[in-house]
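The values are calculated or read from the model by the stated rules, or taken from the named source; none is laboratory data. These figures come from a predicted structure and were not determined experimentally. Heads up, the Cβs are rebuilt from the backbone with ideal geometry, glycines too, and the neighbour counts pull from every protein chain shown.
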Amino acid sequence: MHYAGARAAAEQVAGEIEALGRRAAVVGGHLTAEHVAEDLVSGAASGLGGGVDLLIANAAVQIRQDWRRVDRDAAHRQFDANIMATIALIQAATPHMIAQGWGRIVTIGSIQQWRPHPEMLVYAVMKSGMENMVRSLAAQLAPDGITVNNVAPGVIGTERNADALSDQTYRSRVEDKIPLGRVGCAEECAGVVAMLCAASGDYITGVDIPVDGGMRLG
């Protein structure tokens with residue numbers, strides 16, 4: 001269980017996992033800092049008594065800016081969090097996967113791969129780049145028994161979106177763009193990730209699976 005700042009929340013989730021009779025380890029650190037990805041993977045291996053078999057790369061930084069005012073600092077922060085941190089995690093986790101001839105990697109993309117928000121130009125570019133990365137790595141890691149896939153959520157009712165979606169007028173405008181007519185929930189994304197990590201995902205690699213209620217259709 002990785003956290004950047006919310007240690008108490010991470011420990012709470014770890015406790016819920018342990019209550020189910022499973023092991024859990026809590027490791028902190030901001031993934032854009034040097035060596036944190038390696039420390040996270042080694043900390044997980046130490047805490048769980050073995051290497052990382054399943055890697056879910058879902059950390060992200062999203063900064064809203066008009067494209068005319070995009071600055072280098074904001075762009076670099078998003079690149080480091082969305083692309084470089086993901087690459088570093090995969091680099092740190094795959095040696096164990098390769099050694100055992102089996103592994104699962106799932107990255108978390110975004111509806112912005114198809115419908116970029118006008119104030120999130122850089123973020124949308126990063127998420128599109130992540131999908132390209134997944135296709136490249138899937139081909140390279142397949143001979144080692146490792147699958148690599150991307151799950152792309154649409155508008156999901158998470159803490160990040162809570163303030164915006166609390167405005168009923170704005171929420172209605174958003175839901176009007178979604179063929180299924182509602183905001184999604186985190187469990188609907190988690191179910192797809194779990195499928196890709198289970199035996200049902202053994203023959204799936206290099207794909208991008210949208211969980212967006214059809215929003216990408218326009």
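A few notes on this one:
- Scanning segment 136-146 for residues that are in contact (Cβ under 8 Å) with a residue 40 or more places away in the chain, assigned to a helix (DSSP H, G or I) and more than 21 Å from Q78 (Cβ to Cβ) yields A138, A139, L141, A142, D144.
- G50 being in a helix (DSSP H, G or I), surrounded by fewer than 18 Cβ atoms within 10 Å (Cβ to Cβ) and of a type in the set (G, A, S): no
- Residue check, A25 within 24 Å of V134 (Cα to Cα), in contact with a Leu (Cβ under 9 Å, 6 or more places away or on another chain) and assigned to a loop (DSSP other than H, G, I, E, B): no
- Test: residue in segment 165-177 that is among the aliphatic types (A, V, I, L, M), in contact (Cβ under 8 Å) with a residue 24 or more places away in the chain and in contact with a helix residue (DSSP H, G or I) (Cβ under 8 Å, 6 or more places away or on another chain): no
- Among the numbered conditions (1) surrounded by 12 or more Cβ atoms within 10 Å (Cβ to Cβ); (2) in a helix (DSSP H, G or I); (3) more than 16 Å from the chain's Cα centre (by Cα), the only one that C189 does not meet is (3).
- Segment 100-111 residues that are assigned to a loop (DSSP other than H, G, I, E, B), paired with ones that are of a type in the set (G, A, S) and modelled with pLDDT of 95 or more (beta carbon under 6 Å, 6 or more apart): G101/G145; W102/G145; G109/A152; S110/A152
- Residue among L40, L55 that alone is in a helix (DSSP H, G or I) and not aromatic (F, W, Y): L40
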